[in-house]
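Scroll down for the structure; my scribbles are underneath it.
The values are calculated or read from the model by the stated rules, or taken from the named source; none is laboratory data. What you see is a predicted model; the values in this text were computed from it and never measured. Positions of Cβ are generated from backbone atoms using ideal geometry, with glycine treated the same way; all protein chains shown enter the neighbour counts. Calculation scope for accessible area: heavy atoms of the full protein, side chains included, ligands and nucleic acids excluded. Shrake-Rupley method; radii C 1.70, N 1.55, O 1.52, S 1.80 Å.
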Amino acid sequence: MHLLAWPLLLFLVFFAQSSNASTLVKGVTQFEQDLHGEFDRLSKIGLLRQGFEKYVDGKLEIQPINVQEVAREYRDNIAAFLDKKVQALQRLVKAAENGARPYSHIRQHVEDDENKPLQDGREYCKHHKQRIAQLNVKNQRSRQNDTSELYDRGKDWTRRWGIHINIEAYLCDNAVLRDLEWTGSIELEQTFKENVREDEDLHRQYVGTMSGLTRLFPAKPWILDPPQITIDLFDPRYRPWFMGAETAPKDILFLIDYSGSVKGQTMRLISLTIRQLLATLTPNDFISAIWYNSRSGLVMHGCFDGFLPATTRNKRILSDYMKVRSPEEQALLPPALNYSFWEFKQGRSDGKNLFEQRGPVSSGGHRMIMLLTDGIEEWPTQVVAEHAPRNINGTVDIDVRVFGFAMGYGTGFIPALEWLSCTMRGYYAVVDSVSDVKLQSRAYIPVLSRPLALSYKGVPVQKRETIWTGPYMDAQGDGATLTLSMAVLNTMRNGSSQEFIGVAGVDVRVSQLTALLGDKKLGDNGDAYAFAVDNNGLVLFHPKFKHPKADLHAIRRTACYDITPRARSEKVLFGTSDDRVLRLMGLLDSISTTDLTEIEPNTPVVRRLRRAMVEQTCDGSIFQDRDKQYSCFSLPGTPYSIAVASLDDPKLVTLTDKASVGATPVDSEMIQQFLAPKILCNGNVDLTSSHDTIDGRARFDQFVEEMKEGCESDSATDLLFADINAVRNWSVSWGNVRGNDTCDETPLPVGYDSAVFLSAFVQTAGRITTAYPKCGLYFLPEQVRWPLADSESFSRARLMGEQMSITGTYDALTLSKALFDSKHHELMAVAGLQLTPGFVDEFWRKKTAKQPFWSICWDASSKRKRACHLITADATVIASSDDEAKLKRPRHFGYLDPMVFDAFINKNMLVESKRLEYQAISRMCDRNDQSKDTVNSSPKQQLTIWSNLVNALSSVLWLEVWSVVWSTTIGFASGQPVMTGATCEYVPPEMAKTCTLEHHQFKFNITTDTSGRMDIANCQRSFTIIPFNRSSLYLLIVDSLCEGLPRRKSNFTIGPKKVEDCEQIGSMRRRNLSPNGYLRFHPMEDHTECGGALALGASLPLLLLSSLLLFVRPR
């Protein structure tokens, strides 16, 4: 028989009980028509069509976007914006140094306001406590009735300065009062105000000091919310802008004692100390670690050998690998120390070999060993003699410094460790309790700051280096922030020239940078968007870059333990800590460092783009990557570069008809509306900052208030007004609450069954979302941020055309349709429904069970031989004729029939794709095997509606960030104490951790009716697949599994799977900010202060003698 006859024969045999194949196609067409009719009725899409035809359709104007010109304009805007901030910072540092000159660094007494000595300690303390209380920003809330001169000038806090003092400081400490005085100089206050006059976009300025006091302008009230259970941990000395300005970048090798004596509490103390030390590092620093007992080796061996940049992931790798090995045997330091010195030399040679591929494997700055041990039995004299600093031609050369940490409860002074630290120009610290960990984690910084401070002496501030941080979460809830900072030299009388007295900083909210371009140039349709990276290729901002939920940072909330009346002796109770709690405390990066290739496709073109941005060789050149193009520019004087990405033919959509201006939103207790971050009212209303700080619902309410005040027209605002008007009649049609009833008590409209209907929604191209009913959405502001749509999301919606999209999850089905402009076929809106998960299965049975067209699925004899399934485009079964598998809830096809599922993939009828979620925060990150039936796993029932809306929008029309943000935040709803009035309720967190998850997705690759036969495990199974014409559905008819054949699992991963951190260490290029290296030592550096009890000049015999005396017992 001819080969071409086989498919026809198989098709005819398979449909022997049906009249013919065409009759089943007719049945599919009729059912699809019925399904569309039910969708149109329940969604009221007809009202939406009328509204958009009146206000939007035919009124859109399409303009091309010149990506290169937009990128150049954006570069110019940001460069001018940041240049003002640099000038403000330089003026601030100059004023601080001038203001400090009249004051003494070391004082014997303090004078009052009339220059009279205050000798009595109590009087002295009381006087300054009064001054501190007047200025303390933490007291601002209670000062509405303050009549003191300071607050009786008719000025609000935006025109005043204030101070913040860290919780651990003693208010009457001499250092605190010294810093209070010099930061209170008239010149510094005038400079704060002058900077604001020169730059109205200046967000916040401050000077942090070495005592932990911060002088801030403006004196915005310091928020601690809820105050009853929130402890303020803010200390400028531990903020990234402060630590980054104190020293040059550094290579740190942790040399960790893993002998048997550190087992237990001492090992725990070592782990805590290393975590705190890692928190002082930035991606410009490099890290490695060596363990030792009688043997030694690299802590991260098997993952990476050498130095890694201190990114969020790499710091996590080091912390995790420390847990792999258990302390044992005896500690032998000399060979381990020698190994550590050798590792630095090896790292440098590797750097030369790998420079072209990944850039330097060194920071180019300080090299240091951090030795953590509870004792040294054999003094490493020979190793130190070989590597000690040498005087070469009158100059001391320091290759590697050593910092010693005496670890353990009751360990105390270790003479050999002190000698080693002081000889190697480091510092010696004792950590014998948890309370020492935070303070001693900064012990190394003053030593490293000496050469920098000495090199700045006599150098004008304009020629000093400005430090630029990566994005981090603002401590006071202002969202993602960048800071420009610069250290302040000690210019005080009797002050040391080799130290700083503080660091000045100027904040820039990330939203301010994104607002400089806004929607005017790139529009809302996602054809083009902007992003920026730094010298390490790490993202500063990007539409897909996730920021944590806005919250206060540098805090710790208790487990509902009221701290207000506590005494010092009382014990404060805390709950368990997961990654989110550690971020709030500052022990983990508040925003995870994310490489550009983790957000943009990791293609050769994107890697070339990344390299150009890292090396700052961007000049507007176009990088073409398939149907996407990029244009980038470097920002002079900064480590940053910006780029604009777009489709091949990007277009800006505007509204030509201005009749819509002045729209009034619907005021209904049954309707809720949400708005995406935007720049509106001709730039006068900035709602982009809300991307981090408030949800879409509050953002829309804020816009409504702006409308009442009068809103100047522009293209983005006009389109928004038109969208509001277009959905008005649809919103009104749902009715309002009945009488005195609440939303929950108000019944659904006539013809709507609560057993079927969950919600209806519409999202416009202007990114307003309107949803009914409102009462199911109260939890949404705590969980979801409406994402910025990108080119991929709009492309998916456009490709769907008039098709109805159908997706299914455990809790609901989401059905949606797109509305297009008749003139340009431009997307105007998407209407959708949330229905109960068994809706399609019941609807299909009801409509087809008695129809002759469908007898092959419902005839009793046929049902024993084969099964019929309705499957979505992403391989989720939402209806089935198999009574045993009757679908009250959708199931993934790979779980329902894994053998056929695998066969379809092998035949390329199903296509697998993978998506990496690099910033996932989930309990799955703790599991070795994360594969599971994600369709069948039940999330929190209260999140039913919106969790599925997220799933639908992410997989069908909007960008994947929606689902990413949802999965990231869902675990945190109940993980914090919540105050309801005076009542506190605490539920422990779900202990979610951070990792990368690999999501496996499957799509049908079939466009026409397809039939065939498969031999699966010696079981012949025939099948037919019929795609629906106007819906993302497929009808699959397949023979049942042969009797006696056992079922097995799919060979393919279906659910999310954890990607190990070590698998993600790539060779991506980085750039040191100082190509010629940093000054690691200054000839004027005073190294006698090294933290130990003995002077550095003591001889080795004397040190040995002193150590022996420690063991001499009196007779």
Check residue 829: other-chain or 5+ apart residues with amide H under 5 Å from its amide H, H built from backbone geometry?
765, 819
Among 88, 45, 62, whose Cα lies farthest out toward the positive end of the dipole of segment 42-103, if unit charges sit on the beta carbon of Lys, Arg (+1) and Asp, Glu (-1)?
88
Relative contact order of segment 411-483, defined on C-alpha pairs under 8 angstrom at six or more residues apart (%):
16 percent
Packing-based order for 480-493, 893-906, 618-631, using average beta carbon neighbours within 10 Å, highest first
480-493, 893-906, 618-631
For residue 880, other-chain or 5+-apart residues with amide H closer than 5 Å (H placed, Pro excluded) are 870, 887
Using a 1.4 Å probe on heavy atoms of the protein chains only, the accessible area for residue 516 in Å², nearest 10, reads 50 Å²
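Would you rank 632, 303 by solvent-accessible area, highest first, keeping every protein chain in place and using a 1.4 Å probe?
Details: 632 0, 303 25 Å².
The ranking, largest first, comes out as 303, 632.
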Work out from phi, with θ = phi - 60° and the Karplus expression 6.51 cos²θ - 1.76 cosθ + 1.60, the ³J(HN,Hα) of each residue of segment 439-444, listed in order in whole Hz, and give x for Gly and Pro.
4, 6, 5, 9, 4, 7
Counting only protein heavy atoms and leaving out ligands, DNA and RNA, the solvent-accessible surface of residue 855 at a 1.4 Å probe, in Å² to the nearest 10, equals 40 Å²
Give the long-range amide H neighbours of residue 231: residues separated by 5 or more places, or on another chain, with amide H under 5 Å away, using H modelled in the peptide plane at 1.01 Å from N.
556, 557, 558
As a quick test, which of the pairs 250/463; 26/850; 220/544 have an alpha carbon distance above 25 angstrom in this structure?
220/544
